[in-house]
Structures are given as structure tokens and as C-alpha cells.
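These notes concern the structure reproduced below.
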Amino acid sequence: MTPRCGDLEWFFDGELAGRAAEAMRVHVGTCERCQRRLHGLLAERALLVEEAGARVDAIAEPAPRRAWRLAPVLLATALAIWLAWPR
Amino acid sequence: MIALRKREPPAVDLVAELRDAEPALLATARRLCADAAEARELVHDVIEHTLRQAEREEPGDLSAWLTAAMHACFVERCGARARRAAAAERGDAGPAPIPIERPGEEPAWSRISAADLRAAVDELDPPLRDVYVLHGFEHHSYDEIAARLGLPRLTVGIRLGRARRRLRDILIRRVGRADGE
């Protein structure tokens, strides 16, 4: 492990800038350990993207429930119209 | 006479899924690359790599495929950088490229779901969990987390590293050995 290996997560998280980030890219090109760890970080990121997608789906989900809450009101309105309708 | 095997075009579903995945791929590429133009090139390489793979084998877990492709394409670029840097320094061709591992079967981490990750995060000690949630789920920078939690920036980086190692241990315990450290 070289001193640069310790910076991989900082690099991946966008916390290294300019020359430090470029030096890390060069280092990744020759360090098998960092290449393996980078695979793990990319996998973690993919899971976080998936998790964020699941959260968005969960937020979008409750809409049908609101419609169900309106059902008794709509039914009562329909019944009132039917009873009041002149025959 | 040798019959040329006609290449099947990629399934429409795969093309549509790749289009959907493109913004997330670009966001990841922006973390890795020096500028926006290089990030776009990397995403282009990743998509091409994935489409080529789809011609050879049945699509598996697309997320795992894309992660492997992003890794392979980025490491290839880094290798080229390292060779150029060595050549410029020593006036020779530089170190030989490291062959990139292209596993035939899906890696163990592809069996981990987003729900597994969420559950594992809940098992972290609060100081590690707070930093990880702010960074991983709420997308705050180290500086923002440092300001919010009243910690030095270095401590944020250290805690995040510890949280990741702990998460890895928890997830390995659940699904078996994962690739990548």
C-alpha cells in the first residue's frame, strides 16, 4: 500500500481536486489494490442510486390511497343524487 | 463456404434501459474524470462495452454489468495515463498495462440489494451512520458534513472510510464474500 492508496475514497467522493485527483488517476492505472477497491466503491454507488430510485417510487406510491379515501364521499354523493332524482 | 454469423441487434429493452441509466452513469463518470468531456467519453465507452457484451451473452443484472463496464473502461483510461506519465518521465514505454479482470459470472455484490444496504446502514454505530447517511443518501460533501456535525473535514473522511469497511463486513456476513474492498 502506498500513501496514495489512502486517498482513493477521497478521490472517488470528489474531494480531491486538480493535480491531486490527476495523480490519483495515474496511480489507479498501476495499483491493483486500488483497482479492486474502486470496483467496490462503484458497486456501492450503484446500490445507492438504486436505493434513491426506490425512495422516489415509495414517495410516488400513496396517490391511489388518497383516491380510496374519497370513495365513501363519492358513493354518498351518488346515492343522494339518485334519491333526489325526480321519478 | 463460411457463413457469416449475423449479429443480432441489442434488444430494444436494453437500449431503453441504457438510456434510463445514462444520467446516473454520467454523474458517476463526473466523479472519476478530469472534466465533463472526458466523463461523456467514458459513458460512451461504458455503453458500447455493455452493448458488445449483450451481443455475446444473455443480459444479466444490468446494474452489475454497468458497474463492471465502468470499472473496466475507467481503469483502462488510468492505465493509459500511467503509461504516458512514465514515458514522459523516463523516455520509455512505461509499465505494461495490468490485465483487467472480467469475471465470467456475476460478482457476489450483485446479490446485494438496496434494501440490504439500508438494513446494513441501520446496524452502524451512530457516529459512523450519521456521516454515511449524510454522504451516501443525502449527497453532502465532506465540508458540508463537517459544518453540520461540527467535525473537522479529516474526521468526516476517516469516519466515512470506517463506515464503508464496516458495511462491507456486515454485507459479506449476509451474502458471502463480495468483490472489491
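The values are calculated or read from the model by the stated rules, or taken from the named source; none is laboratory data. This structure is a prediction, so every number in the text was calculated from the model and none was measured. Every residue, glycine as well, gets a Cβ built from its backbone with ideal geometry; the counts of neighbours run over all protein chains shown. Heads up: the accessible areas ignore ligands, DNA and RNA and are worked out on the full protein's heavy atoms, side chains in. Shrake-Rupley method; radii C 1.70, N 1.55, O 1.52, S 1.80 Å.
Of the numbered criteria (1) at pLDDT below 90; (2) under 20 Å from B:L25 (Cα atoms), the one A:A21 fails is (1). Scanning region A:1-54 for residues that are of a type in the set (G, A, S) and in contact (Cβ under 8 Å) with a residue 12 or more places away in the chain yields a total of 2.
Quick check, is A:L42 closer than 30 Å to B:A85 by Cβ and modelled with pLDDT of 70 or more? Please lay out each step first, then the result.
On the way: closer than 30 Å to B:A85 by Cβ: yes; modelled with pLDDT of 70 or more: yes.
Yes.
Per the listing B:D143, B:D130, the residue uniquely closer than 21 Å to A:G6 by Cβ, at pLDDT 95 or above and open to solvent by 50 Å² or more (accessible area, probe 1.4 Å) is B:D143. Being modelled with pLDDT of 75 or more, acidic (D, E) and in the same structural domain as B:L18 (by TED's automatic domain parsing) is a condition met by no residue of region B:104-120. For region A:14-23, filtering for residues that are buried (at least 18 other Cβ atoms within 10 Å of the Cβ) and within 9 Å of chain B (Cβ to nearest Cβ) leaves 2.
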